[in-house]
Amino acid sequence: AYAAPPPWVARTVEDLRAPAATWGQELRCYEHEKRRVVDEGLVRGQQLRLPKGAVQMQERVFDPLLQRFRDPGVESRQRVAEERERVAHLNRAQDIDIVRSQPFNIVNNSSKLEALAPGQDPMRIGGQAGGGTLGEGARRKEGPPSQPPTHVDYNILSNLPFDVHHWQPPGERPRAREPQGRARSVPHWCVKDFDIVTNRYNDRHEEKIARQKHLNLLEATQKHAKANRFDPVTQQFTDPAHEERAKVAMHAREVESNLRAEALEPPSYKGRLSANYGIISHEVHNPEMVKLHQTLEDERKDRYQNRYIVEHNFHVQDVKHDHIVNSRRLNRIAPERFDESKRRGFDIIDNRAFGRLPTEKQLHEDMTTKRPTPWERAQQGRLPGATADLVQTIRYP
């Protein structure tokens with residue numbers, strides 16, 4: 001079996017430098033390129049070398065001032081080639097002119113084909129198959145196959161119609177067409193109904209003047225309405241009917257836009273409060289819906305108010321609990337804690353004596369409850385103003 005060549009075997013250097021499938025193949029291709037590949041420029045022949053001054057020499061072959069080649073041989077050959085091309089172009093133009101236009105000169109009526117057909121009519125030469133140069137056949141001795149029909153409907157010898165004087169039988173004679181007279185048209189400049197000397201009409205002058213003024217007014221009105229249809233100052237049309245139609249069209253367009261916008265709104269938006277009154281003019285359109293919204297708003301406020309009442313009661317309970325806790329904390333303080341400072345009579349920190357003088361320090365009374373004496377504890381369970389009559393001894397039966 002034929003073994004496939006290794007991937008680094010390539011025809012050109014570009015194929016060898018192409019990305020390989022693996023990293024190892026790329027390394028082998030790189031090593032092969034650096035060690036064994038011969039650059040194709042080394043095996044080529046010597047490149048074409050442009051000698052110095054070759055461009056300037058070619059530029060000096062043609063003289064731009066005299067518009068001719070400096071070499072007489074080159075100039076003569078160029079002129080012969082140009083003359084040959086000019087004659088061929090003129091011959092083609094003459095042939096096209098003969099085919100597409102008249103085969104004779106329209107100025108002196110001389111034949112353009114005199115050199116090809118001397119003494120012959122250029123219109124009847126018959127250069128084409130079945131016809132002449134312009135599609136006309138050559139002249140023949142025999143005439144046309146049939147006589148041309150007449151262009152009148154009567155016999156030109158007897159001046160009698162064909163239904164009276166004709167070579168066919170009476171039943172097959174052509175009918176004479178009834179002549180229809182044409183209306184005689186008189187140019188308007190030939191009608192003279194106005195006297196240029198007196199500057200008056202010949203008859204009914206006042207009526208024609210009034211009609212002319214009315215027509216001039218209508219024409220001016222029509223021109224004004226056509227040129228000035230819209231007044232940019234008042235922003236209105238000059239024609240009241242046109243203005244009314246424009247207003248109706250704009251109103252219908254606004255109504256259509258509003259209806260389309262309302263149709264696109266979701267059902268939850270159709271019952272909004274702003275749809276029942278004007279948000280700018282505050283004009284109520286639907287009093288029942290506005291009253292319903294107000295009732296719902298009051299009920300919502302009542303529900304929110306109950307929340308605030310409950311939160312206020314919780315706050316009052318918290319304040320009361322704080323007072324009870326603080327009172328219990330104060331009651332847990334022993335009153336003997338402050339007796340030592342009172343008996344000492346001065347502050348042990350700054351050595352200032354307690355008193356009400358400016359140089360003395362004021363002693364604040366403590367908030368603790370004094371311990372009751374045995375007598376006060378004994379009197380706590382008794383009613384104020386109680387006597388011995390109110391005491392009743394419980395005896396067993």
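The values are calculated or read from the model by the stated rules, or taken from the named source; none is laboratory data. What you see is a predicted model; the values in this text were computed from it and never measured. Reconstructed Cβ throughout: ideal geometry from the backbone, glycine too, with neighbour counts over all protein chains shown. Each accessible area value is taken on the protein alone, full model and side chains, heavy atoms only, with ligands, DNA and RNA left out. Shrake-Rupley method; radii C 1.70, N 1.55, O 1.52, S 1.80 Å.
Quick notes
- Scanning the range 1-44 for residues that are of a type in the set (Gly, Ala, Ser), open to solvent by 60 Å² or more (accessible area, probe 1.4 Å) and either at pLDDT 75 or above or outside any loop (DSSP other than H, G, I, E, B) (or both) turns up just one, Ala21.
- Within the range 205-232, the set of residues being hydrophobic (A, V, I, L, M, F, W, C) and at pLDDT 90 or above comprises Ile209, Ala210, Leu215, Leu217, Leu218, Ala220.
- Yes/no for Asp71 being under 60 Å from the mean Cα position of the chain (by Cα) and not basic (Lys, Arg): no
- The number of residues in the range 278-322 being assigned to a loop (DSSP other than H, G, I, E, B) and surrounded by 10 or more Cβ atoms within 10 Å (Cβ to Cβ) comes to 3.
- The range 343-372, subset in contact with a strand residue (DSSP E or B) (Cβ under 7 Å, 6 or more places away or on another chain) and among the acidic types (Asp, Glu), residue most open to solvent (accessible area, probe 1.4 Å): Glu360
- Single residue of the range 299-343 satisfying the filter (aromatic (Phe, Trp, Tyr) and more than 30 Å from Ala353 (Cα to Cα)) that is modelled with the highest pLDDT: Phe314
Table: residues versus (1) among the charged types (D, E, K, R); (2) at pLDDT below 80.
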position	(1), (2)
Gln168	no, no
Pro174	no, no
Arg177	yes, yes
Gln180	no, yes
Ser185	no, no
Trp189	no, yes
Asp193	yes, no
Val197	no, no
Asp203	yes, no
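- When residues of the range 132-159 are limited to those that are surrounded by 13 or more Cβ atoms within 10 Å (Cβ to Cβ) and modelled with pLDDT under 55, the one farthest from Ile96 (Cα to Cα): Gly132
- Identity of the residue in the range 160-197, charged (D, E, K, R) and within 30 Å of Ile209 (Cα to Cα), that ends up most open to solvent (accessible area, probe 1.4 Å): Arg184
- Total residues in the range 167-217, condition basic (Lys, Arg) and either touching a residue at least 12 places away in the same chain (Cβ under 8 Å) or touching a Phe, Trp or Tyr at 6+ places or on another chain (Cβ under 6 Å) (or both): 4
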